[in-house]
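Visitor: Got a structure for you, questions after.
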Amino acid sequence: MVWPVTTERDGSGQLIIGGVPVSHLADEYGTPLYVYDEATLRQRADAYRQAFERHYPRARVVYAGKAYLATWLLPLLDEAGLWLDVVSGGELYLAVRGGFPAERIVFHGNNKTPEELALALELGVGEVVIDNHYEIELLAQLTAERQVALDVLLRVNPGVDAHTHEYRKTGIVDSKFGLLIQSGDAARAVERIRAVPGLRLRGYHAHIGSQIAETEPFATTINVLFAFAAEMRDRFGIVPDQISPGGGWAIPYESDDPDAAIEPYAAAVAGSALQAAERWGFDPPVLTVEPGRSIVGPAGVAVYRVGAIKDIPGVRRYVCVDGGMADNIRPPLYGARYTAALANRDGAGSDHAVVTIAGKYCESGDVLIRDVELPTVEPGDLLALPAAGAYCLAMASNYNLALRPAVVAVADGRARLVQRRERYEDLLAREVVVVPNQTGE
Ligand code: LLP
């Protein structure tokens, strides 16, 4: 299901999300607009926690904030009992300022700076996932200076090739993430961490990539993690109390994509962990998963207004919208595919045509959807793109000095503006040179 769970059409053919007509939202808040359906968010967060609780004695679901992070989301994650994965000082700052309990924050990243690590210690994050040798030395120094102890996981590179876009693979040998098991690098890190008084090694982590729609690479990763844990037990006597195969479960973007349900994923991952624990002679440790996309992705819909329409006879029809690669870089960057629907009417009875939805930015590659079948579209119509909740706003830019979109959360027939649209004056906020106020704006 690519649309939020509350999506429907009313009697006049209008698209409704969370009980609110999309056209009302567009009129009130402008476009491009990102609409999040709270029911879908809660359902997916709960589904993750419940499925893992059902299948595993000690599971932890950590939402990966890089998919989309905003303060309004934090209470919802907190209420669902999730932890939070942050990958930068910025994400950490926002989460703590937004009231998320620091002790349930996990700090990730392949090149955390000394300042970021100091901030993590100051704010009291629950865990840091160590990625490299440099970080061990930084943390050794920081914990010694502060006389504190820190729970850490070690991120290993399991050498697992998941079927996803090259840019999204993170667990192959040639990767900047984690320390390779097969070269002995990961074992050297374990040995060093043991010797640092301020570091408590809780276990091992791996993340093999994103938008992975099959469970087998996760099973392989889990087995590799346990095999490594067994080796570390035999060499150093360390018994891990946590194992994490990371995040990466897929979502459908188009109607014929695999549905990537949460339940079978949880059953497979939990089953693999129980099996591997038994095989390698461990009591089941805490099993941590880090879904980002599969929690927020299906809850978000991008809404654009159609402007110029261009026919190139015998080639294609370009339908240009008022957003594009500045709010969603995924199609040009990964060749990501989306679908779209008319939102202000259903176009019933109209002819259908295959068109290309282009953005408004100065790049030929700024195309949101190449070849999508739609009813005849006119300037002023609204187009809705589903499955836009993850890695769109999170990767949004001010390219061409675009204003980043407003975000509304909808539930039970009500809409809340949760992030306002950027304004022209926001574009001046970081300018150091005094700008004369000539426009009077
Ligand atoms: N844990 C770690 C350590 C990660 O690096 C990531 C994602 C996740 C969890 C969450 O993965 P998810 O469940 O969302 O797949 N910008 C790309 C995706 C990059 C993913 C980066 N790491 C895209 O738009 O497809």
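Visitor: Identify, from the list Arg202, Arg192, the residue that is within 16 Å of the ligand (Cβ to nearest atom), modelled with pLDDT of 95 or more and open to solvent by 40 Å² or more (accessible area, probe 1.4 Å).
Guide: Details: Arg192 fails: within 16 Å of the ligand (Cβ to nearest atom).
After applying the criteria, what remains is Arg202.
Visitor: Return the only residue of Glu122, Glu127 being within 16 Å of the ligand (Cβ to nearest atom) and over 29 Å from Arg330 (Cα atoms).
Guide: On the way: Glu122 fails: within 16 Å of the ligand (Cβ to nearest atom).
Going through Glu122, Glu127 in turn, the sole match is Glu127.
Visitor: Checking the condition under 15 Å from Tyr34 (Cα atoms) and away from the ligand (no atom under 16 Å from the Cβ), which residue from Asp322, Asp366 passes? Working first, answer last.
Guide: Working: Asp366 fails: under 15 Å from Tyr34 (Cα atoms).
Exactly one residue qualifies, and that residue is Asp322.
Visitor: Yes or no: segment 290-307 includes at least one residue that is surrounded by fewer than 22 Cβ atoms within 10 Å (Cβ to Cβ), part of a loop (DSSP other than H, G, I, E, B) and at pLDDT 95 or above.
Guide: No.
Visitor: Test of understanding: among Tyr56, Tyr48, which residue is crowded, with 18+ Cβ neighbours inside 10 Å, within 16 Å of the ligand (Cβ to nearest atom) and in contact (Cβ under 8 Å) with a residue 12 or more places away in the chain?
Guide: Details: Tyr56 fails: within 16 Å of the ligand (Cβ to nearest atom).
Exactly one residue qualifies, and that residue is Tyr48.
Visitor: Step by step: first the residues of segment 241-287, then only those that are in contact with a Leu (Cβ under 8 Å, 6 or more places away or on another chain) and under 14 Å from Ala227 (Cβ atoms), then the one that is farthest from the ligand (Cβ to nearest atom). Which residue is that?
Guide: Taking segment 241-287 first, the residues in contact with a Leu (Cβ under 8 Å, 6 or more places away or on another chain) are 242-245, 269-270, 273, 276, 284.
With under 14 Å from Ala227 (Cβ atoms) added as a condition, the list becomes 243, 245, 273, 276.
On the way: Ile243: 14, Pro245: 10, Ala273: 16, Ala276: 20 Å.
That would be Ala276.
Visitor: Among the residues in segment 334-343, are any more than 22 Å from Gly19 (Cβ to Cβ), within 16 Å of the ligand (Cβ to nearest atom), at pLDDT 95 or above and assigned to a helix (DSSP H, G or I)? Break it down stepwise before answering.
Guide: Here is the first cut: in segment 334-343, the residues more than 22 Å from Gly19 (Cβ to Cβ) are 334-339.
Applying the additional criterion that residues be within 16 Å of the ligand (Cβ to nearest atom) yields 334-338.
Narrowing the set further to residues that are at pLDDT 95 or above leaves 334-338.
Retained after the next criterion (residues that are assigned to a helix (DSSP H, G or I)): 334.
Looking through segment 334-343, at least one residue is more than 22 Å from Gly19 (Cβ to Cβ), within 16 Å of the ligand (Cβ to nearest atom), at pLDDT 95 or above and assigned to a helix (DSSP H, G or I).
Visitor: Give the number of residues within segment 59-80 that are away from the ligand (no atom under 14 Å from the Cβ), in contact (Cβ under 8 Å) with a residue 60 or more places away in the chain and small (Gly, Ala, Ser).
Guide: Of the residues in that region, 2 qualify.
Visitor: In this structure, is Glu135 open to solvent by less than 10 Å² (accessible area, probe 1.4 Å), of a type in the set (Asp, Glu) and in contact with a Leu (Cβ under 9 Å, 6 or more places away or on another chain)? Outline the logic, then answer.
Guide: Working: open to solvent by less than 10 Å² (accessible area, probe 1.4 Å): yes; of a type in the set (Asp, Glu): yes; in contact with a Leu (Cβ under 9 Å, 6 or more places away or on another chain): yes.
Yes: the conditions hold for Glu135.
Visitor: Somewhere in segment 100-113, is a residue within 16 Å of the ligand (Cβ to nearest atom) and closer than 30 Å to Val22 by Cα? Talk me through it step by step, then tell me what you get.
Guide: To start, the set of residues in segment 100-113 that are within 16 Å of the ligand (Cβ to nearest atom) comprises 104-112.
Retained after the next criterion (residues that are closer than 30 Å to Val22 by Cα): none.
Looking for residues that are within 16 Å of the ligand (Cβ to nearest atom) and closer than 30 Å to Val22 by Cα, one finds none in segment 100-113, hence no.
Visitor: Here are Val354, Val407, Val372: which of them is open to solvent by 30 Å² or more (accessible area, probe 1.4 Å) and not in a loop (DSSP other than H, G, I, E, B)?
Guide: Among Val354, Val407, Val372, only Val354 is open to solvent by 30 Å² or more (accessible area, probe 1.4 Å) and not in a loop (DSSP other than H, G, I, E, B).
Visitor: Any residue in segment 221-235 that is at pLDDT 95 or above, open to solvent by less than 40 Å² (accessible area, probe 1.4 Å) and within 27 Å of Gly335 (Cβ to Cβ)?
Guide: yes
The values are calculated or read from the model by the stated rules, or taken from the named source; none is laboratory data. Since the model is a prediction, treat every value here as computed from it, not as a measurement. In this analysis, Cβ positions are derived from the backbone assuming ideal geometry, glycine residues included, and neighbour counts consider all displayed protein chains. The accessibility values were calculated without ligands, DNA or RNA, using every heavy atom of the protein model including side chains. Shrake-Rupley method; radii C 1.70, N 1.55, O 1.52, S 1.80 Å.
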